[in-house]
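Participant: This is the structure I have questions about; it appears just below.
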Ligand SMILES: [Zn+2]
Ligand SMILES: [Zn+2]
Ligand SMILES: [Zn+2]
């Protein structure tokens with residue numbers, strides 16, 4: 001196993017293969033490959049600085065244990081050097097199972113990797129009252145370099161992460177998604193804030209409604225409008241528990257109008273129309289684990305074939321045999337077979353990463369589909385070669401357009417996706433007596449690519 005980088009002020013006597021550093025500078029000037037980090041108690045005072053450096057560096061996904069307990073979820077916990085050693089060993093084994101180019105990972109894949117290397121790890125939202133939505137997930141800001149965490153929920157939508165427990169439900173401003181809101185009571189009629197809760201009296205004789213103090217005279221309660229003496233509650237007048245009066249428009253009401261004012265953008269939101277965001281503890285799902293472990297090339301090609309509405313290769317051969325028989329009987333039924341061979345997919349994924357490659361392949365499938373007609377058929381064989389059967393087609397048109405599509409996929413600065421285009425056309429390649437799907441496809445595989 002590789003060495004363990006230990007941050008310590010003094011040298012440590014141990015049976016384990018460690019290399020000690022006093023500071024991050026000292027570590028980064030030294031080019032050893034390591035299996036993990038350990039922060040001894042003597043370096044606890046610089047631990048928070050160290051972890052930020054580690055999570056911002058190319059070692060962002062490494063396990064980091066501390067000798068002392070430190071309340072910071074960017075660390076992987078407190079452990080003895082002996083136990084830390086076991087965990088480092090385990091994470092190295094997990095890492096060796098992956099066929100990933102870690103440097104080319106997108107933020108989504110980075111998060112999956114981070115969770116994959118930490119068994120049973122829960123990504124727990126932390127309460128940070130000063131942040132816009134009050135919660136943030138540790139590590140994400142280092143992975144995505146933004147403070148907006150909502151991309152994480154795309155991973156739950158794809159079932160690559162699962163919710164393990166809800167932690168909180170936060171209401172957000174409709175305008176700017178801030179959780180920094182305060183609620184104010186206003187007059188429902190004129191929206192003034194100049195309202196007051198008071199005892200409101202209803203005169204039964206004329207229907208006048210006002211604050212109790214407006215009725216209080218030396219002679220007792222007298223209606224200021226009809227001047228009736230109000231003696232018996234429930235008979236002459238009514239005194240509900242309490243109501244509000246607006247001192248700007250004199251409106252009297254039971255429920256004030258409540259708005260949620262945003263402290264960040266001053267927008268006034270109706271409380272029941274606020275956006276709601278739930279914060280959950282998240283875990284890596286089995287699918288998420290498989291996503292990392294599977295050969296990504298297979299995944300890319302199967303998604304590509306899926307998007308092309310392909311048929312099975314055996315069915316494709318049946319159709320091609322049938323077309324061949326039809327043509328032998330009536331040579332006006334010309335057909336074209338196109339073969340696309342992808343040469344460097346593995347290298348391509350390694351360079352651009354899974355997500356970007358998938359985007360490029362999605363674009364390719366979309367453009368191929370645009371080109372084809374209802375009667376054309378597509379299939380992918382076990383070697384990930386794409387076969388297209390086009391009955392009664394003008395070869396020149398389709399071939400040129402396919403070459404154009406492939407040409408337009410070119411990416412600036414970086415390796416290109418290498419795709420070989422080969423065609424078999426009954427006008428140019430006359431069929432022999434023994435020709436069938438098998439011979440046509442074999443001939444195509446042997447033939448030169450079209451340029
Ligand atoms: Zn009012
Ligand atoms: Zn009255
Ligand atoms: Zn706002």
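Only the coordinates and a few stated rules stand behind these numbers; no lab work does. Just so you know, these numbers come straight off a predicted model, no measurement behind them. FYI the Cβ positions are ideal-geometry reconstructions off the backbone, even for glycines, and counts take in every protein chain you see.
Participant: Can you give the convex hull volume per residue for the Cα atoms of segment 152-272, as a whole number of Å³? Could you put the intermediate results ahead of the total?
Facilitator: Working: hull volume 19.9 nm³, N = 121.
Value for segment 152-272: 165 Å³ per residue.
Participant: Something else about it: So for each of 247-254, 8-15 I average, over its residues, the number of other beta carbons within 10 Å; can you give me the resulting order with the highest mean first?
Facilitator: For the peptides 247-254, 8-15, the packing ranking is 247-254, 8-15.
Participant: A further question on this structure: Give me the three principal axis extents of segment 119-197 from the C-alpha atoms, as integers in angstrom, largest value leading.
Facilitator: In descending order, the Cα extents are 58, 24, 20 Å.
Participant: Once the piece of chain linking residue 411 and residue 10 is laid out straight, how much longer is it, given 0.36 nm per residue of separation minus the C-alpha distance between them?
Facilitator: This chain segment gains 139.2 nm when fully extended.
Participant: Okay, moving on. Rounded, prolate or oblate: which one fits segment 62-123, using the alpha carbon gyration tensor with axes a ≥ b ≥ c (rounded when a/c is under 1.5, else prolate when a/b beats b/c, else oblate)?
Facilitator: Here segment 62-123 falls in the oblate category.
Participant: Calculate how steeply helix 437-446 sits against the longest principal axis of the alpha-carbon atoms of the chain, using the helix alpha-carbon long axis, and give the answer as 0 to 90 degrees to the nearest 10.
Facilitator: 90 degrees
Participant: Work out how much length residue 205 to residue 185 would gain on full extension: take 0.36 nm times their residue separation and subtract the Cα-Cα distance, in nm to one decimal.
Facilitator: 4.0 nm
Participant: Using only the Cα atoms of segment 295-446, what are the Rg and Dmax in Å?
Facilitator: Both quantities, over Cα of segment 295-446: 15.9, 52 Å.
Participant: Then there's this: What FRET efficiency comes out for the pair residue 25/residue 56, r = Cβ-Cβ distance, R0 = 22 Å, nearest 0.05?
Facilitator: 0.95
Participant: How many angstrom lie between the Cα centre of segment 433-451 and the Cα centre of segment 67-113?
Facilitator: Going from one Cα centre to the other spans 51 Å.
Participant: With a point put 7 Å past each Cα toward its Cβ, work out how far residue 250 is from residue 302 in nm, to one decimal.
Facilitator: Between residue 250 and residue 302, the label points sit 7.7 nm apart.
Participant: Could you give the nm distance between label points at residue 176 and residue 107, where each point is 7 Å from its Cα heading toward the beta carbon?
Facilitator: Between residue 176 and residue 107, the simple spin-label model gives 2.0 nm.
Participant: Please work out the Cα convex hull volume for segment 234-309 and give it in Å³ per residue.
Facilitator: Values: hull volume 25.1 nm³, N = 76.
Enclosed volume per residue, from the Cα hull, is 330 Å³.
Participant: Is the C-alpha gyration tensor of segment 57-185 telling us rounded, prolate or oblate? Criteria: a/c under 1.5 is rounded; beyond that, a/b larger than b/c is prolate, otherwise oblate.
Facilitator: prolate
Participant: For segment 207-357, what number results from the quotient of the Cα radius of gyration and 2.2 N^0.38 Å? All intermediate terms of the calculation are to be shown ahead of the outcome.
Facilitator: Working: Rg = 39.9 Å, N = 151, 2.2 N^0.38 = 14.8 Å.
It is 2.69.
Participant: What do the square roots of 5 times the Cα gyration tensor eigenvalues come to for segment 394-442, in whole Å, largest first, as semi-axes of the equivalent ellipsoid?
Facilitator: In descending order, the three semi-axes are 30, 14, 5 Å.
Participant: Still on this structure: Mind jotting down a quarter of the surface of the convex hull over the alpha carbons of the chain, in square nanometres, one decimal?
Facilitator: If you wrap the Cα atoms of the chain in a convex hull and average its projections, you get 39.0 nm².
Participant: Just to be sure I follow: if Rg is taken over the C-alpha atoms of segment 313-377 and Rh is the Kirkwood radius over the same atoms, what is Rg/Rh?
Facilitator: Here Rg/Rh amounts to 1.14.
Participant: Hey, another quick one. Going by Cα centres, segment 141-171 and segment 388-425 are how many Å apart?
Facilitator: Taking the Cα centre of each part, segment 141-171 and segment 388-425 sit 40 Å apart.
Participant: Hey, what number do you get for the chain at 222 nm if only DSSP H runs of n ≥ 4 count, each worth -39500 (n - 2.57), divided across all residues, to the nearest 500?
Facilitator: So the calculated ellipticity at 222 nm is -9500 deg cm²/dmol.
Participant: Roughly how many Å is it from the Cα centre of segment 331-384 to that of segment 230-245, as a whole number?
Facilitator: Cα centroid of segment 331-384 versus Cα centroid of segment 230-245: 81 Å apart.
Participant: Using a basic spin-label model with each label point 7 Å from the Cα along Cα→Cβ, how many nm lie between residue 98 and residue 445?
Facilitator: Using points 7 Å along Cα→Cβ, the separation is 3.5 nm.
Participant: Could you work out how much longer the chain between residue 128 and residue 258 gets when fully extended? Use 0.36 nm per residue separation minus the Cα distance between them, nm to one decimal.
Facilitator: This chain segment gains 44.2 nm when fully extended.
Participant: Taking Cα pairs under 8 Å and at least six residues apart, what relative contact order does segment 1-96 come out at, in percent?
Facilitator: It rounds to 25 percent for segment 1-96.
Participant: Rounded to a whole number, what is D in µm²/s for segment 284-329 from Stokes-Einstein with the Kirkwood radius over alpha-carbon pairs (4 °C, 1.567 mPa s)?
Facilitator: 98 µm²/s
Participant: Give the whole-number value, in cubic angstrom per residue, of the convex hull volume spanned by the C-alpha atoms of segment 23-118.
Facilitator: Numbers: hull volume 9.9 nm³, N = 96.
So the per-residue hull volume is 103 Å³.
Participant: What fraction of the DSSP beta bridges in the chain is antiparallel, stated in percent and rounded to the nearest 5?
Facilitator: Of those bridges, close to 80 percent are antiparallel.
Participant: Would you mind calculating the relative contact order of the chain from Cα pairs under 8 angstrom and at least 6 residues apart, reporting the percent as a whole number?
Facilitator: Working: 696 pairs, mean separation 55.6, N = 451.
Reported relative contact order: 12 percent.
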